[in-house]
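FYI, it's all coordinate maths here, none of it is from the lab. Just so we're clear, the structure is a prediction, and the values are computed from it rather than from any experiment. Every residue, glycine among them, receives a Cβ derived from its backbone with ideal geometry; neighbour counts consider all protein chains shown.
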Amino acid sequence: MTNWLKTAIFYEIYPQSFYDTNGDGIGDLRGIIKKLDYIKDLGCNALWINPCFESPFNDAGYDISDYKKIAPRYGTNEDMRELLTEAHSRGIHVLLDLVPGHTSIEHKWFKESMKSEENEYSARYIWSGCPWERFEGVSHVIGGINGICERGTAAVNFFSTQPALNYGFANPDPDKHWQLPVDAPEVIATREAILDIMRFWLSMGCDGFRVDMAHSMIKNDEDCVETIKLWQKFRAVLDEEFPEAVLISEWGEPDKSIPAGFHMDFLLHFGPSHYNNLFREKPFFSGKNQGGLQKFLKYFNDIRKKSGDKGLICIPSGNHDMSRIAHKLTAHELKLAFLFLLTMPGAPFIYYGDEIGMRYLEDIPLVEGGYERTGSRTPMQWDTTLNAGFSSAPEDMLYNLLDPDKDRPTVLQQINNPDSLLNEVKKLIKLRQETKALQNMSPIEFLTEGKAGEALVYTRGSDKDILYIAINPSLNAVKVPMLEGKKVVYETGTIKSGALEAQSAVICK
């Protein structure tokens, strides 16, 4: 385990919506540099920056046309170098977003791969050889691109402008010439090309990568056996050349991703984790529409046993692909949710703006392939000046719609209010960093089952250094006998005569 991860608290930045310094309506790298002190003051000591590389932006930058060049709308490679230097000077580590499973159709590799004359990129993508042949029944292939060249149909990883890179097939069908084995030279060349990209940014000073769709690399790979081996090969090279480089996966199955060599995996809104039961689908932290956490807790306990202590499991506040945490929770319920997030093991991730309770905007026009996700990608709300302090551009030039509510939350509004969500988050982060029992690697034990209407109670730490955390999101007071005789060290709400008041939480020793 890379040492700095043991106390890492991450802040995710969607760069185009964070802070615009040149008045074009789009956030940029210099904007991130200007706000590094805000991030440090919040207490976060690590960043995940969503893709900021050259792209036609059909999928908000997850369709890359040049992996080694910062998109001009964000700045230059030198701006990235300065960002890394400035972040490190403040004790902040930086992860970039690696998209190894597909590129844009505008990438040089794909343009060369389209040519009928054989070249070094011919097998960089998966081509059927026939425009009428589709990829039905092929796992992790969404569809195909056909009718654009003589080579037939190209497999697609996600949107139709994102052709899948070729890492081979587990148990390839010998009757289908395009199903290359995982050890084919052409497939190894794809792996080496991605390693070359990793080396480029790591050499510049980046601390590692969050890896997009990490589970999808090798096709027809039941139980991801070959994909796990592939990532173990990546990890072996990094261990030799960049041993401190961190890899975090978008996989959602830590029992696979951590043995594959990732330091951490997210529990996400898709997959088997029941993450949505926390904050989004009949959320446990909602008093009015509260559901239970039994399925989530069973999965969480099971997956921790399977994963062991070799990696971290992350429960994020949200990300650019899901509705915001504030969508179904009140301002006070958000405080309870953050107390949970910041007292759980693993490295916490805070999505930009969640720390002030930015709202999810429903039914707004899509931007860059966002669809319903667009409502979670709105401009950061800094203050009460033009465009909430995000940009000096005319409103119609902004990257995305701004929350139109005159009472929209802002950093300025909350920073001097001791009862604000922002200051609650800051206090919780400070407590976590000062308390070993609350940090990323410390043990956890759940003392209740997470039933709706009951308090969620768990301990962090071991031996004499044990803290009790009790959270009651329901609208009724709840008895918590295991807290009797314990000293309250932190509270949101109150505990009286052994009963935790409605929508209250405490940390006791």
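Summary table
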item: Distance in nm between pseudo-label sites at residue 466 and residue 88 (7 Å out along the Cβ direction from Cα); result: 4.3
item: Pairwise Cα inverse-distance average, inverted: Kirkwood Rh of the chain (Å); result: 23.9
item: Which listed pairs, of 108/219; 233/427; 40/295, have C-alpha distances above 29 Å, in listed order; result: 233/427; 40/295
item: Rounded tilt (10° steps) of 225-241 against the dominant C-alpha axis of the chain; result: 80
item: From phi via Karplus (6.51, -1.76, 1.60), per-residue ³J(HN,Hα) for the stretch 360-376 in Hz, x at Gly/Pro; result: 8, 8, 7, 6, 9, x, 5, 10, 6, x, x, 6, 5, 6, 4, x, 9
item: With Cα atoms, 0 to 90° folded angle of helix 77-89 axis to the chain main axis; result: 30
item: Links that overshoot a 29 Å alpha carbon limit, given the list 288/464; 426/496; 305/426; 335/451; 6/305; 6/229; result: 288/464; 305/426
item: Gained length - residue 436 relative to residue 452, 0.36 nm times residue gap less alpha-carbon distance; result: 2.8 nm
item: Computed lengthening from residue 119 to residue 362, 0.36 nm per intervening residue step minus Cα-Cα distance; result: 82.8 nm
item: Charge dipole (debye, nearest 20) of the stretch 102-166; +1 at Cβ of Lys and Arg, -1 at Cβ of Asp and Glu; result: 140
item: Separation of alpha-carbon centers, the stretch 386-445 and the stretch 13-50, rounded to whole Å; result: 13
item: Net length gained if the chain between residue 200 and residue 321 were fully extended (0.36 nm per residue, minus Cα distance); result: 40.8 nm
item: Counting DSSP beta bridges with both ends in the chain, the antiparallel % (nearest 5); result: 55
item: Inter-label distance, nm, simple model (7 Å from Cα along the C-beta direction), residue 22/residue 306; result: 4.6
item: FRET efficiency estimate (nearest 0.05) - Cβ-Cβ, residue 494 to residue 148, R0 51 angstrom; result: 0.20
item: Ellipticity estimate at 222 nm from DSSP helix runs (n ≥ 4, -39,500 (n - 2.57)) divided over the chain, nearest 500; result: -7000 deg cm²/dmol
item: Leading residue at positive end of dipole, the chain (Cβ point charges), from 195, 435, 252; result: 435
item: Nearest 10 degrees, 0 to 90: helix 331-341 Cα axis against the chain principal axis; result: 70
item: Amide N of the stretch 183-198 lying under 20 Å from the label point, which is placed 7 angstrom from the Cα of residue 176 along Cα→Cβ; result: 183-188, 190
item: The stretch 118-137 and the stretch 55-92: distance between their alpha carbon centers, rounded to Å; result: 31
item: The stretch 188-233 versus the stretch 448-491: alpha-carbon centroid distance in Å; result: 41
